[in-house]
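Asks: My questions all concern the structure below.
The values are calculated or read from the model by the stated rules, or taken from the named source; none is laboratory data. Because the structure is predicted, anything quoted here is derived from the model rather than measured. Backbone-built Cβ (ideal geometry, glycine too); neighbour counts: all protein chains shown.
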Amino acid sequence: MRRLLPTTVRARATAGAVLVVAAALTLASFALLGLLEANLTRNAERDAARQAETIARLAASGDLDRMRPNLHGVEFFQVVNARGRVLRAYPNLAGEFPLAPVPPRPGRESQTWKAGPLGGEHRQRVVQVTTQTPQGMVTVFVGTSLRDVDAADDTTAAALAVGGPLLLATVALVTWRVTGRALGPVEAIRAEVAGISDRDLHRRVPVPPTHDEVARLAQTMNTTLDRLESAGIRQRRFIADASHELRSPITVLRTQLEVALAVRDPELWPELIGGALQDIERLQQLCSDLLLLARIDAAQPMAPGRLDLGAVVRDAVEARHGDRVPVRAELAGGIAVRGSELWLARVVTNLLDNAQRFAVRRVDLTLGVCGGPGGRTAVLEVTDDGPGIPPGDRERVFERFTRLDDARSRDHGGAGLGLAIARDLAAHHGGTLTAEDSPRGARLVVRLPVAEGGEPSPEVPADGVRGR
């Protein structure tokens, strides 16, 4: 049975439409035939009943002999007394036996005979009226032919038998063509997507000009392909940049080790080994940053734990006493957010590292709250008195492995991942990190949604990441 079922949407839609129309047509046909026969039979019965009641009134008044033998619309009639004797009959029933036993009580009954006293192939509707007369109880039988009813039934049934299949064929053809036209763009989309590989993500599916669900599907598919293409470009760029950043310290490290192996003077070994250790530390830092980026990309949404953002920022600032450039902090209290204490501390650390790397004499950090239509927002600002960030580069500085001209020297440290990590961590907490206007130096602003209600509680990272 499963093999006999249609397998395509087009075939299933056509079969469904045909079945629905066939069921509706069948019900309508039976209803039409029933109503038609009921109306015509009722009309025939009304004529027969009128004639039967007329004859019964004549019999009750003793004027039965005055009845005319020719009655309009009547096939036959017969008047029978209580003893079963035929008192009067239509000429075509002269000499016939009584049509039926005489009913015991006065009244009127109607019934349809498939074979009447006159024979023939048509049914007959018979009305019998029993009444009291001066000569006793008599019964009047009046019958009329249902040939018009049978003819109408036959004609209607023949018309339905011919027109029904034609209608179903028309429905099937129209549904098949309309469904084919509607699904044509879907098949074009499927064929185009089937031909897209990871090497040609620039291809897009055709968008039909119908502005319907299929067009919206095509637009959504193209948007998805845009994201896939962008992700592929970022991935290839990330791999290339990571390879480049790893190759340089590895090359320097190998050179230092080769020199240390070639030098025979033990007094030079500490200097060579110290340089090698610095390159190893740089490699470790770069690998830790890459691992953190991978964990951020694969991390689940933050657990609903609450924490005191002011305490997190305060701990990060106090851990930097003795740095080359001091950090002046102004922190508002009672600001609770939801997220990872470890990762939010990393956001603050990366922003302070970036500010101290380019600051001349001071770094300012402020933490406050501002209100908005969507609720209160925690605002963390880090500013320095360095060269600042040109307006055209305020988005590029958050790209991975991006270093501006003044930051290209590796003596300053960093591989261009600090701000990228900070922005990804802020976005993972439902916030933003932007570079904004400042009268001096650079100004980086983090905005995080405030967790309203309750007290901040220590948070345990849901992903189990404890550190690098």
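Asks: Output the residue which, of all residues in segment 408-428 that are in a loop (DSSP other than H, G, I, E, B) and either of a type in the set (Ser, Thr, Tyr) or in contact with an Asp or Glu (Cβ under 7 Å, 6 or more places away or on another chain) (or both), is modelled with the lowest pLDDT. Even if it seems obvious, please write down each step before you answer.
Replies: First pass over segment 408-428, keeping only residues in a loop (DSSP other than H, G, I, E, B): 408-409, 413-417.
Checking which are either of a type in the set (Ser, Thr, Tyr) or in contact with an Asp or Glu (Cβ under 7 Å, 6 or more places away or on another chain) (or both) leaves us with 409, 415, 417.
Working: Ser409: 43, Ala415: 67, Leu417: 81.
Only one residue fits best here, namely Ser409.
Asks: Need pairs with beta-carbon distance below 8 Å; first residue part of a loop (DSSP other than H, G, I, E, B) and within segment 250-265, second loosely packed, with under 11 Cβ neighbours inside 10 Å; sequence gap 6+ or separate chains.
Replies: none
Asks: I'd like to verify a number: residues in segment 179-189 that are surrounded by fewer than 16 Cβ atoms within 10 Å (Cβ to Cβ) and closer than 13 Å to Arg12 by Cα, how many?
Replies: 1
Asks: Sticking with this one: Test each condition in (1) over 52 Å from the mean Cα position of the chain (by Cα); (2) polar (S, T, N, Q); (3) not assigned by TED's automatic domain parsing to the domain that holds Ala89 for Thr133 and report the one that comes out false.
Replies: Just one mismatch for Thr133, condition (3).
Asks: Given the criterion modelled with pLDDT of 85 or more and of a type in the set (Lys, Arg), identify the matching residue among Arg123, Arg177.
Replies: Working: Arg123 fails: modelled with pLDDT of 85 or more.
Only one candidate passes the filter, namely Arg177.
One line per residue, one yes/no per condition, for (1) of a type in the set (Lys, Arg); (2) within 26 Å of Asp424 (Cα to Cα); (3) modelled with pLDDT of 80 or more; (4) in contact with a Ser or Thr (Cβ under 7 Å, 6 or more places away or on another chain):
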position	(1), (2), (3), (4)
Ser243	no, yes, no, no
Leu268	no, no, no, no
Gly305	no, yes, no, yes
Val312	no, yes, yes, no
Arg324	yes, no, yes, no
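Asks: Here's another thing I want to ask about it. Being among the β-branched types (Val, Ile, Thr), more than 29 Å from Gly180 (Cα to Cα) and surrounded by 15 or more Cβ atoms within 10 Å (Cβ to Cβ), is that true of even one residue in segment 19-37?
Replies: First, the residues of segment 19-37 that are among the β-branched types (Val, Ile, Thr): 20-21, 26.
With more than 29 Å from Gly180 (Cα to Cα) added as a condition, the list becomes none.
No, segment 19-37 contains no residue that is among the β-branched types (Val, Ile, Thr), more than 29 Å from Gly180 (Cα to Cα) and surrounded by 15 or more Cβ atoms within 10 Å (Cβ to Cβ).
Asks: Can you go through Thr155, Thr131 and tell me which one is under 30 Å from Leu25 (Cβ atoms), modelled with pLDDT of 80 or more and of a type in the set (Val, Ile, Thr)?
Replies: Values: Thr131 fails: under 30 Å from Leu25 (Cβ atoms).
Result of the check over Thr155, Thr131: Thr155.
Asks: I've got another one for you. Test Ala294 against the criterion of being touching a helix residue (DSSP H, G or I) at 6+ places or on another chain (Cβ under 9 Å) and on the phi < 0 side of the Ramachandran plot, and give yes or no.
Replies: Working: touching a helix residue (DSSP H, G or I) at 6+ places or on another chain (Cβ under 9 Å): no; on the phi < 0 side of the Ramachandran plot: yes.
It is false that Ala294 is touching a helix residue (DSSP H, G or I) at 6+ places or on another chain (Cβ under 9 Å) and on the phi < 0 side of the Ramachandran plot.
Asks: So which pairs qualify, if the first residue must be in segment 133-160 and among the basic types (Lys, Arg), the second must be not in a strand (DSSP E or B), the Cβ gap must be under 6 Å, and the two must be at least 6 apart or on different chains?
Replies: Every condition considered, the pairs that remain are Arg147/His122.
Asks: Looking only at residues in segment 12-54 that are among the small types (Gly, Ala, Ser) and in contact with a strand residue (DSSP E or B) (Cβ under 8 Å, 6 or more places away or on another chain), which one is nearest to Leu166 (Cα to Cα)?
Replies: From segment 12-54, those among the small types (Gly, Ala, Ser) are 13, 15-17, 22-24, 28-29, 31, 34, 38, 44, 48-49, 52; that's our starting set.
From what is left, the residues that are in contact with a strand residue (DSSP E or B) (Cβ under 8 Å, 6 or more places away or on another chain) are 44, 48-49, 52.
Details: Ala44: 34, Ala48: 40, Ala49: 42, Ala52: 46 Å.
The qualifying residue nearest to Leu166 (Cα to Cα) is Ala44.
Asks: Something else about it: Determine, yes or no, whether Arg295 is surrounded by 12 or more Cβ atoms within 10 Å (Cβ to Cβ), more than 17 Å from Arg400 (Cα to Cα) and among the basic types (Lys, Arg). Let's see the steps before the verdict.
Replies: Values: surrounded by 12 or more Cβ atoms within 10 Å (Cβ to Cβ): yes; more than 17 Å from Arg400 (Cα to Cα): no; among the basic types (Lys, Arg): yes.
Judged against the criteria, Arg295 is not a match.
Asks: Now, a different point. Collect the residues in segment 359-382 that are in contact with a helix residue (DSSP H, G or I) (Cβ under 7 Å, 6 or more places away or on another chain) and more than 18 Å from Asp308 (Cα to Cα), keeping them in residue-number order.
Replies: Val363, Val382
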